[in-house]
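Remarks on the structure that follows.
No value in this document is a laboratory result; all are computed from the given coordinates. Being a predicted model, the structure only gives us computed values, none of them experimental. Positions of Cβ are backbone-derived with ideal geometry, glycine not excepted, and every protein chain shown enters the neighbour counts.
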Amino acid sequence: MDEANEKKVVVAIVGAGPSGLAAAACLNRQGVANIVLERDDCSCSLWRKRAYDRLKLHLAKQFCELPYMPFPSKSPTFIPRDQFIEYLDSYKSHFGIKPYCGRSVESASYDDQIGKWRILARNTGSGEHEVYVAEFLVVASGENSEGAMPEIDGLESFGGEVMHSSEYRNGREFGGKNVLVVGCGNSGMEIGYDLWSHGANTSIVARSPVEVVTKEMVFLGMVLLKFLPFRIVDFLMMLLSKLIYGDYSKYGLRRPKNGPFHLKAVTGRSPTIDVGAMRGIKNGEIKVFPPIKSIKGKLVTFINETRSRFESIIFATGYKSNVRKWLQGGDDLFNDDGMTKVRHQWKGENGLYCIGFSQQGLFGISADARNVADDISFKLQRRRKGNAWDVAHGMISLY
Ligand SMILES: Cc1cc2nc3c(=O)[nH]c(=O)nc-3n(C[C@H](O)[C@H](O)[C@H](O)COP(=O)(O)OP(=O)(O)OC[C@H]3O[C@@H](n4cnc5c(N)ncnc54)[C@H](O)[C@@H]3O)c2cc1C
Ligand SMILES: *[C@@H]1O[C@H](CO)[C@@H](O)[C@H](O)[C@H]1NC(C)=O
Ligand SMILES: *[C@@H]1O[C@H](CO)[C@@H](O)[C@H](O)[C@H]1NC(C)=O
């Protein structure tokens, strides 16, 4: 690749999800030139293409705003997916953000010689490769860039349909079928509920303990955290959960020892917000199974040796970061899984940054984006002052 084909930029942002848009908005406000590279043909593709129809934001709207733009006051407390996409689109136009879509970043590495990042992106339209040279690299490719699937003995032999939760839209085609949802986090429980309400014979695999809460409880908890110590709020949440849901271990779900906020703080795992599945679980219409031991044809064997036949399996087994597939170096910021080494870390060496890796959803993204833009802008200002000082010095030495 000859140098003429290189595009020089101050800041390159990888990913046009909420994190990338927030970064671009904060930088634009400070007058820092930037470009956003996005592999998909649109911005925010997780929300447009990889989320199920009935999804609403789990947290109240005041915790899901991107920097410098609140939700319209008449919008509901829990924003439905379509309204969130509208908000993201108006955010984009309000801050004049024009992502370069169809640019899949395949590698990025720091060039010691020139002190800049060299980014190779494949133009998915033309198939050609483009090179960007940037002083600062902001990783905004998401904690959720790829679906994570567990390895299960015999899965490849499964005679039915297998999909990841990111491919699931709604339960319309599943009515009357025997469907197994693997995972009882937010996606698993919500998809389980959606299937059940569409008349599918629904079963859920629960591996880890779950703290089941309501949206209202989380909202209350987040408000209380402003006034009361963490432990007390966590304890209250646990009491409320027991009061509302009772002892659900008899249905096959286990409760963790500590409350929902503790779970989040220590493991990064969110509590499971019940949108209706618990009703089905309690009345036995949604069955709960232990983890899968093996699969043969359509027959699934669970670790307690119970067997059952299923026509479809939906893996709501989470997501993973793809950072390690394209970022060379950056070991001061990222671990082998492509997540930050230290939680809430957003800055590495050589002008490397990340947004949206603190397992704190949109709330964390907003804080990261402000920090990153401020830091970059501060560095640029200092450099400008430094240059002025150098020039002044040079002048002096002339005399
Ligand atoms: C089902 C679901 C529900 C959720 N609900 C909530 C909620 O209610 N509240 C909340 O706060 N959070 C929620 N989250 C968390 C959610 O991930 C964040 O809110 C938000 O979407 C993350 O934004 P992001 O920009 O960091 O990542 P993403 O939205 O994943 O965006 C990353 C972008 O980077 C692009 N990209 C990745 N790799 C490359 C590459 N190599 N080259 C170019 N582009 C690349 C992707 O195509 C994508 O567009 C939910 C997540 C899921 C999966
Ligand atoms: C295995 O788990 C299922 C679902 O919880 C339960 O119905 C079944 O009785 C269990 N089987 C054994 C052998 O314990
Ligand atoms: C519904 O699913 C359960 C669990 O797999 C199974 O035991 C039951 O027979 C199924 N019911 C019907 C009507 O197929």
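For the range 15-118, rounded, prolate or oblate, judged on the Cα gyration tensor with a ≥ b ≥ c (square roots of eigenvalues), a/c < 1.5 rounded, else prolate if a/b > b/c?
On the way: a/c = 2.59, a/b = 1.71, b/c = 1.51.
Note, shape of the range 15-118 comes out prolate.
Among Y52, Y132, Y68, which comes first, second and so on when ranked by fewest other beta-carbon atoms within 10 Å? All intermediate terms of the calculation are to be shown ahead of the outcome.
Values: Y52 18, Y132 23, Y68 15.
The order, fewest Cβ neighbours first, is Y68, Y52, Y132.
Helix 361-398 versus the longest principal axis of the chain: what is the Cα-based angle in degrees, 0 to 90, to the nearest 10?
Rounded to the nearest ten degrees, it is 10.
Answer rounded, prolate or oblate for the range 82-225, using the Cα gyration tensor with square roots of eigenvalues a ≥ b ≥ c: rounded when a/c is under 1.5, else prolate when a/b is larger than b/c, else oblate. Can you show the working numbers first?
Working: a/c = 2.15, a/b = 1.62, b/c = 1.33.
Because a/c hits 1.5 or more and a/b exceeds b/c, the range 82-225 counts as prolate.
Give the longest segment of the chain that steers clear of trypsin sites (Lys or Arg not before Pro) in DSSP loops with at most 10 neighbouring Cβ atoms within 10 Å, not counting the sites themselves. Let's see the in-between values first.
Working: sites that count: K74, K226, K257.
Counting only loop sites that pass the neighbour cut-off, the longest clear stretch is 75-225.
With the Cα gyration tensor of the range 150-318 in hand, convert its eigenvalues to equivalent ellipsoid semi-axes via √(5λ) and list them largest first in whole Å. Don't skip to the answer; put the middle values down first.
Values: eigenvalues 189, 49, 39 Å².
Semi-axis lengths for the range 150-318 are 31, 16, 14 Å.
In nm, to one decimal, how far is the modelled label at R324 from the one at S197, with both set 7 Å along Cα→Cβ?
Distance between the two pseudo-spin positions: 3.8 nm.
Please turn the phi angles of the range 243-248 into ³J(HN,Hα) values with the Karplus equation 6.51 cos²θ - 1.76 cosθ + 1.60 (θ = phi - 60°), one per residue in order, whole Hz, x for glycine and proline.
5, 6, 9, x, 8, 8
Measure up K74/K282; K215/K242; K226/K379; K215/K257; K257/K287; K226/K264 against 27 Å on the Cα-Cα distance and list the ones that go over. Write down the numbers at each step before the final one.
Values: K74/K282 36 Å; K215/K242 15 Å; K226/K379 33 Å; K215/K257 21 Å; K257/K287 23 Å; K226/K264 17 Å.
Pairs exceeding the cut-off: K74/K282; K226/K379.
Just rank H262, H94, H129, fewest to most, by other beta-carbon atoms within 10 angstrom. Let's see the in-between values first.
Details: H262 20, H94 12, H129 15.
Ordered from fewest to most neighbouring Cβ atoms within 10 Å, H262, H94, H129 come out as H94, H129, H262.
Contact order normalised by length for the chain, with contacts defined as Cα pairs under 8 Å and 6 or more residues apart; what percent is it? Write down the numbers at each step before the final one.
On the way: 783 pairs, mean separation 83.7, N = 399.
That works out to 21 percent.
What residue among I152, I314, I273 has the largest mean-square fluctuation in a Gaussian network model of the chain, using Cα springs under 10 Å?
Maximum fluctuation in the GNM of the chain, among the listed residues, is at I152.
Any idea what the relative contact order of the range 150-318 is, in percent, if you count C-alpha pairs under 8 Å spaced at least 6 apart? Intermediate results must be reported in sequence, preceding the final value.
Details: 322 pairs, mean separation 64.2, N = 169.
Computed value for the range 150-318: 38 percent relative contact order.
What percentages, rounded to whole numbers, describe P(r) for the range 295-377 computed over all alpha carbon pairs with 10 Å bin width beginning at zero?
15, 34, 17, 16, 14, 4
With springs connecting C-alpha atoms under 10 Å apart, model the chain as a Gaussian network and identify which of G176, G361, G338 has the largest mean-square fluctuation.
Greatest mean-square fluctuation among the candidates belongs to G176.
Using a Förster distance of 41 angstrom, determine the FRET efficiency expected from the C-beta separation of S109 and N283, and round it to 0.05. Write out the running numbers ahead of the final one.
Working: r = 56 Å, r/R0 = 1.37.
It comes out at approximately 0.15.
For the residue pair E161 and T267, what label-to-label distance in nm results when each label sits 7 Å from Cα along the Cα-to-beta-carbon direction?
Label-label distance for E161 and T267, simple model: 3.1 nm.
Which one of V210, V223, V275 has the biggest mean-square fluctuation once the chain is modelled by GNM with Cα springs under 10 Å?
For the chain, modelled as a Gaussian network with Cα springs under 10 Å, the answer is V223.
Would you mind computing Rg(Cα) / (2.2 N^0.38 Å) for the chain, counting N as its residues? Walk me through the numbers on the way to the answer.
Working: Rg = 23.8 Å, N = 399, 2.2 N^0.38 = 21.4 Å.
My calculation over the Cα atoms of the chain gives 1.11.
Over the range 334-377, what is the mean sequence separation of C-alpha contacts under 8 Å (at least six apart), divided by residue count, expressed as relative contact order in percent?
Working: 38 pairs, mean separation 12.8, N = 44.
In percent, rounded to a whole number, it is 29.
For the range 253-262, in order, what is each residue's ³J(HN,Hα) by Karplus, 6.51 cos²θ - 1.76 cosθ + 1.60 with θ = phi - 60°, in whole Hz (x at glycine and Pro)?
9, 9, 9, x, 5, 9, x, x, 6, 5
With θ taken as phi - 60° and the coefficients 6.51, -1.76 and 1.60, list the Karplus ³J(HN,Hα) couplings across the range 37-43 in order, rounded to whole Hz; mark glycine and proline as x.
9, 10, 5, 7, 8, 8, 7
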